[in-house]
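Everything below concerns the one structure shown next.
The values are calculated or read from the model by the stated rules, or taken from the named source; none is laboratory data. Since we're looking at a predicted model, the values are computed, not measured. All Cβ positions, even for glycine, are placed from backbone atoms using ideal geometry, and neighbour counts span all protein chains on display. All accessible areas refer to the heavy atoms of the entire protein, side chains included, with ligands and DNA or RNA removed. Shrake-Rupley method; radii C 1.70, N 1.55, O 1.52, S 1.80 Å.
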Amino acid sequence: MIGIFGGTFDPVHYGHIKPALSIKAALHLRQLRFIPNRLPPHRAEPWLSADQRLQLLHMALSGYPDVVIDERELERQGPSYMVDTLASLKQEFSDEPLCLIIGMDAFLGIASWYRWRSLFDYCHLVVINRPGFDASSIERGFDAADYDFLKQRLCSDTDALMAQDSGQILLQSVPQLEISSTMIRDNLADEELIAQWMPDQVYRKLRGFINDDR
Ligand code: ATP
């Protein structure tokens, strides 16, 4: 199975890297693909350029085996709809199941994604916990029809997920890290604080980008 981890990565931090690697190990993924988006459909233009986000991702992930940075959304024109990305991945990896890894915050907003129900034709969903967002809010977070659609797909463990090619949802717990890209962008002046939230070389590179802009 191939794990897909999409995001803006503006910038990448340990809250992306550690949970994604922990899912790779727990689900014995053959490969993990980080997919930075070009134009996130649900938010403002990223703060860093696509090239800067990509450079930081390469730095953060180099050395991890079977981890790939996939540039297909950066190469595609228009908004980065996940359903289009999955369709193109499925064409490339037609014989292998895909699982889309998303944080609980993103999962709670999934019913607003473009053609969101079609995601399940292409992949499983692995939802990871994130500080501030917990599974007890799932029922409240969706209207009744959407909740029913999702509830039928919830599976209890990895074996149940693996038994199907696509369409299942697994809630998987990972070490909790209270870090977000927003916290980094909001605390740039506090060097000691944000240096802890990403690998050293990534932090130094990010500092370089900020200094070049001054
Ligand atoms: P921003 O603060 O700019 O919204 P972010 O830190 O949430 O950014 P994204 O690039 O938007 O990062 O997120 C990509 C994916 O990583 C999403 O599925 C998100 O839920 C997940 N994610 C980000 N940070 C964490 C974290 N600390 N723990 C678990 N999942 C996370």
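Heavy-atom surface analysis with a 1.4 Å probe gives the range 84-173 a carbon and sulfur content of 44 percent of its accessible area. Students often get this wrong: which residues of the range 7-32 have the backbone nitrogen under 20 Å from the point 7 angstrom along Cα-to-C-beta of VAL68? Of the residues in the range 7-32, 7-9, 17, 20-32 have backbone N under 20 Å from the label point off VAL68. Dipole orientation for the range 1-134: of the candidates SER22, PRO11, HIS58, SER22 has the Cα lying most toward the positive pole (charges on Cβ; Lys, Arg +1; Asp, Glu -1). Scanning residues 5 or more positions from ARG33 or on other chains, those with amide H under 5 Å from its amide H are GLY3, ILE4, PHE5, VAL68, with H placed 1.01 Å from N in the peptide plane.
Restricting attention to the range 102-198, which GluC sites (Glu not before Pro) occupy a DSSP loop and are surrounded by at most 16 other Cβ atoms within 10 Å?
Sparse-neighbourhood loop GluC sites (Glu not before Pro): GLU178.
How would you rank 100-107, 159-166, highest first, on the average number of other Cβ atoms within 10 Å across their residues?
Values: 100-107: 21.9, 159-166: 14.2.
Packing proxy ranking, top to bottom: 100-107, 159-166.
Can you check what the Kirkwood hydrodynamic radius comes to for the chain, Cα pairs only, in Å to one decimal? Hydrodynamic radius (Kirkwood, Cα pairs) of the chain is 17.8 Å. Between TYR147, SER136, LEU119, whose Cα lies farthest towards the positive end of the dipole of the range 96-210 when Lys and Arg beta carbons carry +1 and Asp and Glu beta carbons carry -1, centred on the Cα centre? Going by the Cα projections, it comes out as LEU119. Cα gyration tensor of the range 62-158, axes a ≥ b ≥ c as square roots of the eigenvalues: rounded (a/c below 1.5), prolate (a/b > b/c) or oblate? Because a/c hits 1.5 or more and a/b exceeds b/c, the range 62-158 counts as prolate.
Given +1 at the Cβ of Lys and Arg, -1 at the Cβ of Asp and Glu and no other charges, the dipole of the range 20-155 around its Cα centre is 140 debye to the nearest 20. Taking a Cβ cut-off of under 14 Å around ILE179, the surrounding Lys, Arg, Asp and Glu residues balance to a net charge of -2, with basic ones at +1 and acidic ones at -1. Here is the P(r) of the range 107-214: all C-alpha pair distances, binned every 10 Å from 0, give 12, 33, 23, 21, 10, 0 in whole percents. Taking 23 Å as the straight-line reach from the Cα of LYS18, the lysines in range (excluding those fewer than 8 positions away in the same chain) are LYS205. Taking all protein chains into account, the per residue accessible area for the chain stands at 49 Å² (1.4 Å probe). Length gained on full extension, GLU191 to ASP148, computed as 0.36 nm times the residue gap minus the Cα-Cα distance: 10.9 nm. Largest mean-square fluctuation among MET59, MET82, MET183, in a Gaussian network model of the chain whose springs join Cα atoms under 10 Å apart, belongs to MET183. When shorter helices are ignored and each DSSP H run of at least 4 residues is given -39500 (n - 2.57), the per-residue value for the chain at 222 nm works out to -11000 deg cm²/dmol.
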